[in-house]
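The values are calculated or read from the model by the stated rules, or taken from the named source; none is laboratory data. Everything quoted here is computed from the prediction, not taken from an experiment. Cβ sites come from the backbone with ideal geometry, for glycine too, and all protein chains shown count toward neighbours.
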């Protein structure tokens, strides 16, 4: 108990709080935000049985919600040494008493309430969240790296803006075999996710929920196999169609990073057969050399090319993704936390683009 408990009821939300949280998001986070409009998507992201993964601060005098701290689980493990979470929507009402201090208190309480090993931030605001995490929590803060591989057969780009074509890198000829898994059952037959020790720790529950059961997006989960025929990694991707063109985004990766080195040839084959402009990969903590071996280039600050990140709505600009963490060895990918989700209402799930079965 401290001074905040005298003024506020600080607790984990339950299902009776859903409408209150969604209204708060609409009023204080952003008017018309997808999480204030789409209840099904809200429940998919935050419901955990009878609980809703938001820490709330409710004023005891008025009964009004004054602040929220949302989070997303990386796994369903009960092992506290592996229990990691991503921070999500973090907001205190602007004219609330002790506004910045209450926000910091909510971020601290997430450790006490969840028992998590670490709380990671992906997609953090560099003007507000990043300075707070550095100063008050002594977190390490980074800008994720974006790598890309252009289709060598593409001459005209409608999604990317290619002002200077990078020197063509054919990729390591030591080809890694890729196989498309259509169900979590298939994944489990060939790959033991729970055996991968990583930060954050991801398990079968997470992969199934995140990539096989998404209410709107279709993800393609590939198994990467070495020369001996052993599946040593999973690679999660999503095809995006925009402006009459298509691209492939690598959004998550679990397992042996060295297998990525041999993806140059398979990815070029996919780009050719699916008529993709390029493949891109936002990450941090992944070994650079494996990406270079596969023919990827790093979009540095000096790179004149534009490899977009926002598609709903489409924004033909380069976008930096900032993140924070406190444990060495933490890995970041595009689909972590709440970063790869719809930003506007969708009437029905998207259809799988033709050619998605490449790699089977």
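Against the definition (modelled with pLDDT of 95 or more and either outside the structural domain of residue 213 (by TED's automatic domain parsing) or closer than 30 Å to residue 270 by Cα (or both)), how does residue 150 come out, yes or no? Give the steps one after another, and end with the answer.
Details: modelled with pLDDT of 95 or more: yes; either outside the structural domain of residue 213 (by TED's automatic domain parsing) or closer than 30 Å to residue 270 by Cα (or both): yes.
Yes; evaluated as a whole, the condition is true for this residue.
Do you know which residues across the stretch 133-184 are within 30 Å of residue 107 (Cβ to Cβ) and in contact with a strand residue (DSSP E or B) (Cβ under 9 Å, 6 or more places away or on another chain)? Even if it seems obvious, please write down each step before you answer.
To start, the set of residues in the stretch 133-184 that are within 30 Å of residue 107 (Cβ to Cβ) comprises 133-146.
133, 134, 137, 139, 140, 141, 142, 143, 144, 145, 146, listed by residue number.
Which of (1) touching a helix residue (DSSP H, G or I) at 6+ places or on another chain (Cβ under 6 Å); (2) not in a loop (DSSP other than H, G, I, E, B) is the odd one out, the single condition residue 185 does not satisfy?
Failing condition for residue 185: (1).
From 201, 206, 222, which residue is closer than 18 Å to residue 286 by Cβ, out of contact with any helix residue (DSSP H, G or I) (no Cβ under 8 Å at 6 or more places or on another chain) and not in a loop (DSSP other than H, G, I, E, B)?
Step by step, each of 201, 206, 222 is checked, and only 222 is closer than 18 Å to residue 286 by Cβ, out of contact with any helix residue (DSSP H, G or I) (no Cβ under 8 Å at 6 or more places or on another chain) and not in a loop (DSSP other than H, G, I, E, B).
Could you check residue 111 against (1) surrounded by fewer than 14 Cβ atoms within 10 Å (Cβ to Cβ); (2) at pLDDT 95 or above; (3) in contact with a helix residue (DSSP H, G or I) (Cβ under 9 Å, 6 or more places away or on another chain) and say which number it fails?
(3)
Which count do you get for residues in the stretch 117-164 that are in contact (Cβ under 8 Å) with a residue 40 or more places away in the chain and either on the phi > 0 side of the Ramachandran plot or assigned to a loop (DSSP other than H, G, I, E, B) (or both)?
Going through the stretch 117-164, the residues in contact (Cβ under 8 Å) with a residue 40 or more places away in the chain turn out to be 117-126, 129-130, 133-134, 137-154, 157-164.
Going one step further and asking which of them are either on the phi > 0 side of the Ramachandran plot or assigned to a loop (DSSP other than H, G, I, E, B) (or both), we end up with 117, 123, 125-126, 138-139, 144, 151-154, 157-160, 162-164.
Qualifying residue count for the region: 18.
For the stretch 1-106, which helices (runs of 4 or more DSSP H) that fit wholly inside it have 1 or more residues that are within 27 Å of residue 313 (Cα to Cα) and at pLDDT 95 or above?
18-24, 34-37, 39-46
Scan the stretch 216-229 for residues that are at pLDDT 95 or above and out of contact with any strand residue (DSSP E or B) (no Cβ under 8 Å at 6 or more places or on another chain) and jot them down. Outline the logic, then answer.
Within the stretch 216-229, the subset at pLDDT 95 or above is 216-225.
Correct list: 216 only.
Looking for whichever is more than 23 Å from residue 329 (Cβ to Cβ), loosely packed, with under 13 Cβ neighbours inside 10 Å and touching a helix residue (DSSP H, G or I) at 6+ places or on another chain (Cβ under 7 Å) here; the options are 91, 60. Which one fits? Walk me through it before giving the result.
Numbers: 91 fails: loosely packed, with under 13 Cβ neighbours inside 10 Å.
Going through 91, 60 in turn, just one is more than 23 Å from residue 329 (Cβ to Cβ), loosely packed, with under 13 Cβ neighbours inside 10 Å and touching a helix residue (DSSP H, G or I) at 6+ places or on another chain (Cβ under 7 Å): 60.
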